[in-house]
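This report concerns only the one structure given below.
Nothing in this text is a laboratory measurement; each read-out follows from the coordinates by a stated rule. Every value quoted in this text rests on a predicted model; they were computed, and no experiment measured them. Counting neighbours? That spans all protein chains shown, and the Cβs are built from the backbone with ideal geometry, glycine included.
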Amino acid sequence: MTAIGAQAHKLLGLKRPHRSFFESFIRTLIIVCTALAVVLSSVSICDGHWLLVEDHLFGLWYFCTIGNHSEPHCLRDLSQAHMPGLAVGMGLARSVAAMAVVAAIFGLEMLIVSQVCEDVRSWRKWAIGSYLLLVAFILSSGGLLTFIILLKNQITLLGFTLMFWCEFTASFLFFLNAASGLHINSLTQPWDPPAGTLAYRKRGYDGTSLI
């Protein structure tokens with residue numbers, strides 16, 4: 001390998017400059033909070049019991065009647081709750097909430113990959129992950145809003161269960177992490193490799209082709 005080939009190989013092997021401790025800490029905190037939000041939202045949707053009104057328990061999956069000193073009697077068929085549009089509306093709410101979790105998982109994956117595999121595309125991967133979290137926030141908020149609209153006549157502030165507040169917290173964390181991720185990305189300029197590296201890549205050179 002000639003000196004030119006060795007120089008080209010060195011240029012192609014350049015990595016992104018080392019991040020500051022503060023930037024690495026903030027990005028790690030965003031990833032951890034996103035993972036927590038995914039867990040909270042997943043548990044809340046799987047349980048699904050979001051509103052307790054007197055002896056009725058409303059959820060994404062079941063409608064339950066609670067008797068005195070007896071176990072809750074739950075019905076999977078929400079149309080038996082005798083509330084127009086409840087079955088269709090709850091189907092929409094849980095579908096939107098579930099899609100929010102899926103979007104958040106993909107967003108979390110992009111955030112992690114951008115930190116583990118640091119290269120010239122790390123900045124773009126982080127931005128994509130942050131936008132996916134923003135999509136998760138919109139979908140999660142849509143699910144919460146749909147649930148509230150369907151049961152607006154039965155809702156009381158103290159009637160919301162712990163699972164509802166878990167979903168509310170997860171939705172807030174999706175927004176907070178998305179906004180923080182996009183903001184920190186705007187503060188850190190994307191790394192551009194030297195012009196020589198781009199020229200060698202464009203012409204198809206590598207360390208073994210120059211002899």
query: For Cys64, what is the net charge nearby, where nearby means another residue's Cβ is under 15 Å from its Cβ and Lys, Arg count +1, Asp, Glu -1?
result: -4
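Counting other Cβ atoms within 10 Å of each Cβ, which trypsin sites (Lys or Arg not before Pro) in segment 120-161 have at most 16 and sit in a DSSP loop?
Filter output for segment 120-161: Arg121, Lys152.
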- prompt: What's the local net charge at Trp50, with K and R +1, D and E -1, over the other residues with C-beta under 11 Å away?
  reply: -1
query: What ranking do 178-188, 37-47 get when scored by the average of other Cβ atoms within 10 Å per residue, highest first?
result: 37-47, 178-188
message: From the phi angles alone, apply the Karplus equation (6.51, -1.76, 1.60; θ = phi - 60°) to segment 128-142 and give each ³J(HN,Hα) in whole Hz, x where the residue is Gly or Pro.
response: 4, x, 5, 5, 5, 5, 5, 5, 4, 4, 5, 5, 5, 5, x
